[in-house]
Each structure stands twice: as C-alpha cells, then as structure tokens.
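Here the structure comes first, spelled out in structure tokens, and everything after it is commentary.
The values are calculated or read from the model by the stated rules, or taken from the named source; none is laboratory data. Every value quoted in this text rests on a predicted model; they were computed, and no experiment measured them. Here the Cβ positions follow ideal geometry from the backbone for every residue, glycine too, while neighbour counts run over all protein chains shown. Each accessible area value is taken on the protein alone, full model and side chains, heavy atoms only, with ligands, DNA and RNA left out. Shrake-Rupley method; radii C 1.70, N 1.55, O 1.52, S 1.80 Å.
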Amino acid sequence: MKKATFFIFLLFSFITVNAQILDPVKWTSKIEKKSDTEYTLTFDGVIDEHWHVYSQFTADGGGLALEVIPNNGEGNYETVGKAEESETRTEFNESFAVDETFFEKEMQIIQTIKVLNPENSIVQIELFYQACKESCILQDKFFEFDLSTLTSKEVKSFEVVAVSTDEEKGDKEKVAPAEDKKKDEKKEKQKGLLTIFFIAFLSGFAALLTPCVFPMIPMTVSFFTKQSKTKAAGIRNAIIYGLSIIVIYVILGSVVTAVFGADSLNALSTNVWFNIIFFVLLIVFASSFLGAFEIMLPNSWANKVDRQADRGGMIGILFMALALAIVSFSCTGPIVGTLLVEAASKGGIAPVVGMLGFSSALALPFMLFAMFPGWLNSLPKSGGWLNTVKVVLGFLELALAFKFLSNADLVLQMHLLERETFLAIWIAVFGALALYLFGKITLPHDSPLKSISVGRLYMGLLVLAFTVYLIPGLWGAPLKLISGFPPPSTYSESPQGFGGSEGGGGYSGSDQELPEGAKLAAHGIVAFEDYNEGLAYAQEVNKPVLIDFTGYACVNCRKMEDYVWSDKSILSILKNDVVLISLYVDSKEELPESEQYVSEETGKKIETIGNKWSDFEITKYKANAQPYYVLIDLDEENLNDPVGYTPDITEYREWLKSGIDNFEE
C-alpha cells in the first residue's frame with residue numbers, strides 16, 4: 001500500500017473496526033569501524049505513542065524477546081556477545097505472571113561484529129521483535145551495511161497491520177492531542193511513585209511495630225528531652241534525629257540506584273538465579289522472624305557508632321540515627337531488602353521514593369513524641385505483642401519467598417511449582433498463621449498466652465477467611481483477589497479445571513472423545529490449531545468457523561479468554577455454535593522443509609508454523625494483530641467484519657450472534 005494511502009487510513013479509519021497498516025517503530029542505522037576486524041552496528045528506533053517493544057532480556061513466558069539475527073553471517077562474520085540496549089522499563093504482567101522488560105518512546109540497539117571473511121563487504125542484519133499497544137504485532141526489519149563504504153540502509157521491512165482498538169473507534173473516543181498524552185503519562189508516573197511511597201510507608205510502620213524499634217521510641221525521646229536544656233531544644237534535636245533517619249535511608253536508596261542502575265536491577269528482577277537467591281534470603285529472614293535465630297550486624301559496628309554519638313551536636317545526633325539503623329537491622333533488614341528489590345524493578349527514582357516513604361514512617365513517632373512528650377504515657381508497653389508483630393511479618397516473608405521461587409520456575413518452565421502446588425503452600429502458610437493468631441501454635445520467643453485480644457481475634461478471622469478463599473483455587477477457581485501472585489491457570493496440573501472440565505456444555509472428557517486434530521483450550525472449549533483440519537470438521541458438522549489469530553505471548557489474547565470467553569453466554573456459543581480454530585502466529589515449531597516457502601505478500605521466508613499463520617492473516621485478511629477474530633462460512637467467506645481486542649462482553653456477544661445469524665440465513 002502506498003504511503004499516502006497509509007496516512008489517510010491512519011488519520012481517518014477510526015469510525016469502523018477495519019484493518020489499518022501500522023509501523024509503530026521508525027528506524028535509522030549506522031556503522032562504525034572499531035578495528036581492522038571489528039565494526040559497531042547501531043540501530044536507533046523511535047516508538048509511536050503508547051506502543052512498546054520487548055527487550056532481548058524480557059522474561060520467558062511473557063512478550064516475545066527482541067532478536068538480532070545475522071542473515072549472511074556464516075563464514076563471513078560473527079556477532080560479539082549480546083547486543084547492548086538503551087534504557088528499558090520493567091513491569092509485572094498479571095496475565096503471564098512474569099516481569100516484562102520493554103522499550104518505550106525510543107530504543108537503541110548496538111551490536112558489535114567480527115569479520116571472518118575479508119573478501120565479504122556486505123553485512124545483512126535482521127531485527128525481529130514484538131510491538132504491542134492494545135494489539136500486538138510481530139515485525140521483521142532488514143538492514144544492509146557496506147563495510148567498504150561504511151554506509152547502511154533498510155533494504156526491506158516486513159509490513160504489519162493492526163486493527164482499530166477501543167481507543168480508536170469513531171465516536172467513542174477522540175485521539176488526544178500530544179500535550180494531553182504527555183500529561184497523562186506524567187500523571188501515570190506520579191501515580192506509580194505515590195503508590196510506591198504509600199506501600200513503603202506502610203512497610204516502615206510495620207517495621208516500627210517490631211521489638212527492635214518500638215522500645216527505642218520512649219528511650220530515645222526521653223534522652224533528648226532530659227539532655228536538652230530547654231523543651232524547645234529537645235524538640236529541635238528530636239526533629240533533627242528524625243530527619244537524620246530519613247537521610248540515612250534515602251542515601252541507601254540513592255546508592256543502590258547509582259551503583260547498580262535501574263537497568264541492572266530490572267534485569268536482575270527477571271533473572272532465574274536472582275530469584276532463587278532472593279527466595280533463599282527470604283526463607284532465612286522469615287526463619288529469623290519466626291524465632292529460629294537472630295540476624296545481627298557485628299557488635300563492633302554498633303559500638304563504634306555509639307562512641308561517635310557521644311560527641312553531641314548535629315554529628316552526634318546523626319550517628320544516633322545510624323545506630324538505630326544498625327541495631328534494628330534484624331527487624332528492618334528483610335523489609336528494606338524486599339522493598340528495595342520491588343521498587344528498583346520500577347526503575348528511575350523509585351528506590352529513593354521507597355526509602356523516603358519507609359524512613360518517614362520510622363522517623364515520624366520520634367518527632368511527634370518529642371513535640372508532645374505527654375503522649376509517651378499513652379504508648380502501649382513493650383511486651384509479647386511486639387513479638388507477635390514480628391512473627392506475623394515472618395509468615396508474610398515466607399509466603400512472599402515462594403513467589404520468587406515461582407518466578408524462576410516459570411522462566412525455566414520446569415513445572416516444579418505449578419499453580420496447585422503454589423496455592424497448597426500458601427494455604428499451609430496462612431493456615432498456620434491463623435492458628436498462631438488464635439493461640440494454637442506458639443513459637444520460641446512467645447510469651448505465655450492465657451487469652452487473646454479482640455484485635456488479635458479479628459486479625460485471625462481475617463487470615464482464616466483469606467485461607468478459605470484460597471482453597472477453591474486448587475480446583476480451578478480464578479482467585480482474582482491475588483491475580484498475578486500464583487502461576488497462571490495454564491501453568492497447572494489441571495489447566496481445564498478439576499476433572500478436566502469447566503462445565504458449560506461441549507466436550508468435557510478425555511482426548512479420545514475429541515474430534516481428530518482437536519484439543520481442549522481455555523474453559524474446556526474444543527479448538528483446532530490447524531486451519532484445514534478445523535475447516536474440514538466444520539463442514540462435517542455444518543457450523544460456522546471462528547478463526548482466532550492468537551499468540552502464546554499475547555497479553556490481550558489471555559485477557560479475552562479470561563474475562564470475555566468465560567462469560568456463560570459467550571462460552572455457550574463457543575462450545576456449541578461455532579468451530580474454533582486458534583492459529584498461533586508466534587509458534588516456533590519448524591515446518592517440514594517441503595512446506596517452507598517465500599511469501600508473495602511480504603517476501604519473507606516462511607519457516608515456522610507461526611510464520612505460516614501470520615502470513616495467512618496478512619495475505620487473506622490484510623491484518624497482523626493479535627487477538628484478531630474472523631467468522632467465516634463453509635466456503636471461507638466472511639460472515640461479518642472481523643474484530644480485534646473487544647473487552648466489552650455485550651459487544652463481543654453481539655458480534656458473534658450477527659455472524660452466526662448470517663450463516664443460518
């Protein structure tokens with residue numbers, strides 16, 4: 001399609017759900033000579049607003065990672081290590097339960113190559129990547145570099161198509177001006193930082209209520225008020241003390257960000273070994289909280305800091321704050337460590353904001369009680385309840401530890417910690433916590449307990465209710481309250497639910513009862529993954545065909561399956577009124593050599609099953625978005641206009657019914 005037509009469609013095709021050609025990344029490239037045999041190839045991409053492209057280092061099980069592929073490298077040149085990348089962003093994807101790393105707005109890829117054949121002067125590099133907005137598209141970009149003249153050009157590109165989304169539909173929503181979009185992005189970032197601050201503040205408050213910190217409030221405030229010559233001086237010193245606590249922790253967050261960098265921490269958060277190491281650390285911290293042993297920094301550190309605190313003045317107060325941080329480490333260390341990892345995964349200044357929130361909660365009581373010393377009398381006395389807080393935190397650390405182990409298992413696809421196993425562990429952990437709160441379990445540092453308080457009873461009931469809520473998840477319940485924590489339902493011993501069926505009609509038994517070539521898909525729907533087999537079966541049973549262009553790494557495909565296809569009225573249609581053919585455009589399974597070909601539409605060699613279905617979508621339907629749904633009759637003619645991501649259940653149901661009604665006519 002000509003460029004002029006492209007721009008006309010891009011500007012004016014928002015009224016109906018028609019396909020439009022999109023190219024969300026605009027590329028430039030250059031080549032530089034490093035030595036007689038080594039060259040640096042640089043690819044700079046500008047990404048359209050609201051789109052993102054997945055990094056080479058995004059976690060397995062989520063979006064498709066970018067690949068740098070040397071097309072004519074064999075015998076001519078080789079790539080030197082992984083390509084370098086510009087700044088990326090990492091976010092947790094609830095649909096796939098993994099942290100995904102991606103580029104926004106702009107990206108740069110730098111690949112070094114080493115020449116093996118001096119007579120060859122042409123280097124051809126292919127960039128293969130997935131770009132996503134509401135829909136996801138796969139793209140190939142081909143670049144040619146001339147080593148003799150140090151010039152480069154994009155020789156051909158795999159033109160891709162995406163359907164209009166809800167944001168792009170006629171009267172429903174207008175395209176926002178660029179300034180409004182920037183404001184929205186700024187608000188979104190601010191909202192994310194405020195969320196981090198709030199969670200960190202609550203974490204600091206939890207650390208405050210531990211036996212390492214709480215008893216120090218009256219001791220420290222009394223010291224300031226007694227040692228100061230006037231009440232005003234006591235208040236001033238206590239405020240300086242509180243601010244010193246904040247400074248120490250904010251410096252810690254700044255150092256972590258500066259030393260490791262947001263990108264390094266992002267990569268760590270999706271690294272298998274990092275997740276395993278952090279799992280072990282959290283188990284150790286949880287064991288300490290539960291009373292197995294005490295984790296203490298060397299006493300010599302605390303003694304040296306104490307001696308500095310005796311100097312008095314501003315320096316002495318600062319060292320007193322540092323002494324608090326060291327002495328309370330056994331209680332605050334696990335919380336600070338967990339908080340830093342989670343905040344660092346957001347990138348930017350998130351670790352600094354996290355430490356600001358945490359330290360503010362720690363410092364606030366010291367400043368308030370210094371201003372109003374009479375309030376000290378209202379503080380509850382230190383006692384067994386402080387150890388209870390510490391034990392509760394231990395149980396929470398224990399539960400969180402298995403989330404990190406689950407991340408590693410998902411990346412490796414070892415199926416050692418599937419959904420049922422994960423939930424069974426959480427049920428055991430929170431069940432034990434409920435018994436502890438009810439006084440049925442005692443741990444090494446607990447005080448004798450004749451009765452439990454009303455507050456502890458209420459907390460026990462809350463934990464027990466949560467435990468009971470988790471139990472149906474063992475039989476396939478979605479558990480939306482904790483969505484993203486356990487592995488997805490597809491990563492399970494029983495992906496179709498307990499007994500292999502989720503009800504709603506249609507096939508529900510063993511594979512022997514299924515039509516030849518069919519499989520059970522989400523919610524027990526019978527689905528074919530080969531177009532010809534599915535079409536033949538539809539002709540046999542005289543039903544219309546629903547083609548589902550999908551992908552293993554397609555987020556919105558999973559959302560449609562989880563939230564739209566699960567609706568009873570739609571599930572009944574999918575099971576009884578149509579033949580579903582799900583074609584995975586990102587399948588890496590190779591086609592037999594006799595079935596491989598070069599696409600007439602794109603000029604791309606079709607080598608895998610995913611290539612085949614992607615080319616089929618482009619060639620026949622002029623689209624390459626996932627999800628993309630097409631209803632056809634037995635002569636392979638469209639029954640209505642295809643649609644893409646349609647999260648509105650009523651709208652999707654009406655679309656299905658209109659196509660089926662046309663088939664019956």
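Please list Leu464, Leu656 from largest to smallest accessible area, probe radius 1.4 Å, with all protein chains kept in place.
Leu464, Leu656
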**Request:** Determine ³J(HN,Hα), in whole Hz, for all residues of region 82-90 in sequence, where each value follows from phi through the Karplus function 6.51 cos²θ - 1.76 cosθ + 1.60 and θ = phi - 60°; x replaces Gly and Pro.
**Result:** 6, 5, 7, 10, 7, 4, 10, 10, 10
**Overall form of region 545-636 per C-alpha gyration tensor (a/c, 1.5; a/b vs b/c)** = prolate
**Request:** Please work out whether region 395-444 counts as rounded, prolate or oblate from its C-alpha gyration tensor, where a ≥ b ≥ c are the square roots of the eigenvalues and a/c under 1.5 means rounded, while otherwise a/b larger than b/c means prolate and anything else oblate?
**Result:** prolate
**Asked** Gap in Å between the Cα centre of region 96-135 and the Cα centre of region 385-462?
**Response** 44
**Asked** With r defined as the distance between the Cβ atoms of Thr230 and Ala465 and R0 fixed at 56 Å, what FRET efficiency is calculated, to the nearest 0.05?
**Response** 0.60
**Message:** How far apart, in nanometres, would the label points at Ala477 and Phe438 be if each is projected 7 angstrom from Cα along the Cα-to-Cβ direction?
**Reply:** 1.8
**Item:** FRET E, pair Gln596, Val280, Förster distance 60 Å, beta-carbon r, rounded to 0.05
**Value:** 0.85
**Prompt:** Counting only protein heavy atoms and using a 1.4 Å probe, what share of the accessible area of region 531-573 belongs to carbon plus sulfur, as a whole percent?
**Reply:** 46
**Prompt:** Probe 1.4 Å, all protein chains in place: accessible area of Phe663 in Å², nearest 10?
**Reply:** 50
**Prompt:** Amide H to amide H under 5 Å from Lys604: which residues, 5+ apart in sequence or cross-chain, H placed 1.01 Å off N in plane?
**Reply:** Ser599
**Request:** Treat each spin label as a single point 7 Å out from the Cα along the C-beta direction, and report the Thr149 to Thr28 distance in nm.
**Result:** 1.9
**Message:** If I take R0 = 60 Å and measure r between the Cβ atoms of Val541 and Ile452 in this structure, what FRET efficiency does the formula 1/(1 + (r/R0)^6) give, to the nearest 0.05?
**Reply:** 0.45
**Complete:** Note on region 518-599: alpha-carbon gyration tensor, axes a ≥ b ≥ c; rule is a/c under 1.5 for rounded, else prolate if a/b larger than b/c, else oblate; result oblate
**Message:** List the residues, sorted by chain then number, that are 5 or more residues from Cys136 or on another chain and whose placed amide H is less than 5 Å from its amide H.
**Reply:** Gln626
**Prompt:** Rank Asp633, Asp48 by accessible area, highest first, at a 1.4 Å probe radius?
**Reply:** Asp48, Asp633
**Request:** Express in nm, to one decimal, how much length is gained between Leu634 and Glu49 on full extension, taking 0.36 nm for each residue of separation and deducting their alpha carbon distance.
**Result:** 206.6 nm
**Message:** Once you place label points 7 Å from the Cα toward the Cβ at Glu664 and Lys622, how far apart are they in nm?
**Reply:** 3.1
**Message:** At 1.4 Å probe radius, can you tell me the per residue accessible area of region 526-665 in Å²?
**Reply:** 43
**Complete:** Ranked output for segments 558-569, 604-615 by mean other Cβ atoms within 10 Å, highest leading, reads 604-615, 558-569
**Item:** Spatially near lysine pairs across region 523-665, Cα under 25 Å, sequence gap of 8 or more or different chains
**Value:** 28
